[in-house]
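To start, the structure under review is shown below, and the notes come after it.
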Amino acid sequence: MKYSLAIATIISVYLLSGCGSGKQLTQKKIDADTYFSAKDFGNALQSYTEIINTYESNNNSQECQVYTKAGESAFKLGETKLAITYLKNASNTVYANEGTYYFLAQAYKRIDNLSLEILALDDYIDLYPSGKYIKDVKTKLFYAYIESANFDQALKLWPEIVHDNNDNLELLEAYFKINKGLNNMDECSVIAKQLLEINKENIVALTWFGKKYYRMAEDRYQKEMKAYENKKTNKQYKKLLSALDIVTGDFKKSLKYFKTIYSIQPTPATANYLSHIYGRLSDKKKAEYYKKLSK
């Protein structure tokens, strides 16, 4: 009799709790969404976690609708690992949405997992090509491609990124980096010129032109000196003198850029360039001065 009564009591409690749990979950979700809308992410996360635990304890996580908001709440609270867990779970349900992949990508970026960040951004673009975050997602993917040295893919995205931002220094520097990585040297010079038109002290552009003219001058100098050493004739000597005029001109162009760079960022590496240039220009005093600063 006692045994039968106990079973009946358990069944009754179970039925009552089952009946009540649906209402409780509904109310819990309403409360959680209210916290979320008010940007009270601490209480929102706590409420969403309780809901998630209920679904998972019943082995019914596929029906859980709150993973994305829980993940976003965790992300905004700085709980990145928890955010990733919830957002990944969301991506495996029919309730995944734009925010799922948008915040998942940002969470991966926060832990410096570049490959997974790119995958999440790619997923967003594939699933939501007209989504509300699409512009930001493409920009983030553009920079992620550059960071991963995937310059071909970054170049394909460039037309969609630039739009009316032709005077955006950060974007132009990124575009410069792409072309440099792809060995598009002529385009690099065009972009460097644009950078200097926007900011005459742009280090990226100044360095590009400084090194460009330095390489031109030094390569020609070495080539012509070697040719003269191999064939010391009057004709070859005249050719050397003519070439050295061009070399001097290029070294002076390079000098102008490196002097500007040094006035902005006086680094040993720049001092080393200045020392070599002054040496080629036969200014031993300045060559020695910058040589000391290069150490």
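Key figures for this structure:
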| quantity | calculated |
| --- | --- |
| Lone unmet requirement of (1) touching a helix residue (DSSP H, G or I) at 6+ places or on another chain (Cβ under 9 Å); (2) part of a helix (DSSP H, G or I) for Pro159 | (1) |
| Given (1) in the same structural domain as Ile125 (by TED's automatic domain parsing); (2) in a helix (DSSP H, G or I), index of the condition Thr207 fails | (1) |
| Conditions (1) loosely packed, with under 14 Cβ neighbours inside 10 Å; (2) farther than 30 Å from Ser148 by Cα; (3) modelled with pLDDT of 95 or more; (4) among the hydrophobic types (A, V, I, L, M, F, W, C): number failed by Met1 | (3) |
| Tabulated pairs, region 174-192, first in a helix (DSSP H, G or I), second basic (Lys, Arg), C-beta under 6 angstrom, 6+ apart or interchain | Cys188/Lys180 |
| Single residue of region 79-90 satisfying the filter (free of Cβ contacts under 8 Å to residues at least 24 places away in the same chain and under 9 Å from Thr68 (Cβ atoms)) that is surrounded by the fewest Cβ atoms within 10 Å (Cβ to Cβ) | Ala90 |
| Residue within region 216-223 that is in contact (Cβ under 8 Å) with a residue 40 or more places away in the chain, outside any loop (DSSP other than H, G, I, E, B), under 30 Å from the mean Cα position of the chain (by Cα) and surrounded by fewer than 19 Cβ atoms within 10 Å (Cβ to Cβ) present | no |
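Here is a yes/no grid of residues against (1) within 19 Å of Lys132 (Cβ to Cβ); (2) among the hydroxyl-bearing types (Ser, Thr, Tyr); (3) not in a helix (DSSP H, G or I):
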{"position": "Thr68", "(1), (2), (3)": "yes, yes, no"}
{"position": "Phe75", "(1), (2), (3)": "yes, no, no"}
{"position": "Thr85", "(1), (2), (3)": "no, yes, no"}
{"position": "Ala96", "(1), (2), (3)": "yes, no, yes"}
{"position": "Phe103", "(1), (2), (3)": "yes, no, no"}
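For every residue, the table says whether it meets (1) modelled with pLDDT under 95; (2) over 17 Å from Thr26 (Cβ atoms); (3) not basic (Lys, Arg).
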site: Lys39; (1), (2), (3): no, yes, no
site: Ile52; (1), (2), (3): no, no, yes
site: Ser57; (1), (2), (3): yes, yes, yes
site: Gln62; (1), (2), (3): yes, yes, yes
site: Val66; (1), (2), (3): no, no, yes
site: Phe75; (1), (2), (3): no, yes, yes
site: Glu79; (1), (2), (3): no, yes, yes
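The values are calculated or read from the model by the stated rules, or taken from the named source; none is laboratory data. The structure presented is a predicted model; accordingly, all values stated were derived computationally and were not measured. Neighbour counts are summed over all protein chains in view; Cβ atoms, including those assigned to glycine, are modelled from backbone coordinates with ideal geometry.
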